[in-house]
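Here's the structure we're looking at; comments come further down.
The values are calculated or read from the model by the stated rules, or taken from the named source; none is laboratory data. For clarity, every value in this text was computed on a predicted model and none was experimentally measured. Neighbour counts are summed over all protein chains in view; Cβ atoms, including those assigned to glycine, are modelled from backbone coordinates with ideal geometry. For accessibility, only protein heavy atoms count, side chains too; no ligands or nucleic acids. Shrake-Rupley method; radii C 1.70, N 1.55, O 1.52, S 1.80 Å.
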Amino acid sequence: MRMRMAGRDWAALLGFIALAEAAGLVGLMFTASALGPWYDTLIKPVLNPPAEAFGPVWTWLFVLMGISGFLVW
């Protein structure tokens, strides 16, 4: 069974995603300046993902949290 979403449902979904992304941006403001160069000097495990992967992965994580919040709502 496939359900259609009304216009207000799409607005609510986008609102939940925006709220989750805003929470991620608040966290970024507090942690971006705190990392500094010391993180680059750490000895990391072989399976550590490259630094370029963190931005897209965290963005998608917060998108999925917004969708989850919408579905629970």
inquiry  = At 1.4 Å probe size, with the rest of the protein present, what percent of the exposed accessible area of the chain is carbon and sulfur atoms?
reply    = 75 percent
Ranked by how many other beta carbons lie within 10 Å on average, peptides 20-30, 45-55 from highest = 20-30, 45-55
query = By average Cβ neighbour count within 10 Å, what is the ranking of 33-43, 9-19 from highest down?
reply = 9-19, 33-43
task = Give the Rg/Rh ratio for the chain, taking Rg as the radius of gyration of the Cα atoms and Rh as the Kirkwood radius, to two decimals.
result = 1.15
task = Could you tell me how many degrees, from 0 to 90 and to the nearest 10, lie between the Cα long axis of helix 54-72 and the main elongation axis, the longest principal axis, of the Cα atoms of the chain?
result = 30 degrees
request  = Note down the accessible area of Phe70, probe 1.4 Å, to the nearest 10 Å².
outcome  = 30 Å²
message = Given points 7 Å out from each Cα along the Cα-Cβ axis, report the Thr59 to Ala34 separation in nanometres with one decimal.
response = 2.4 nm
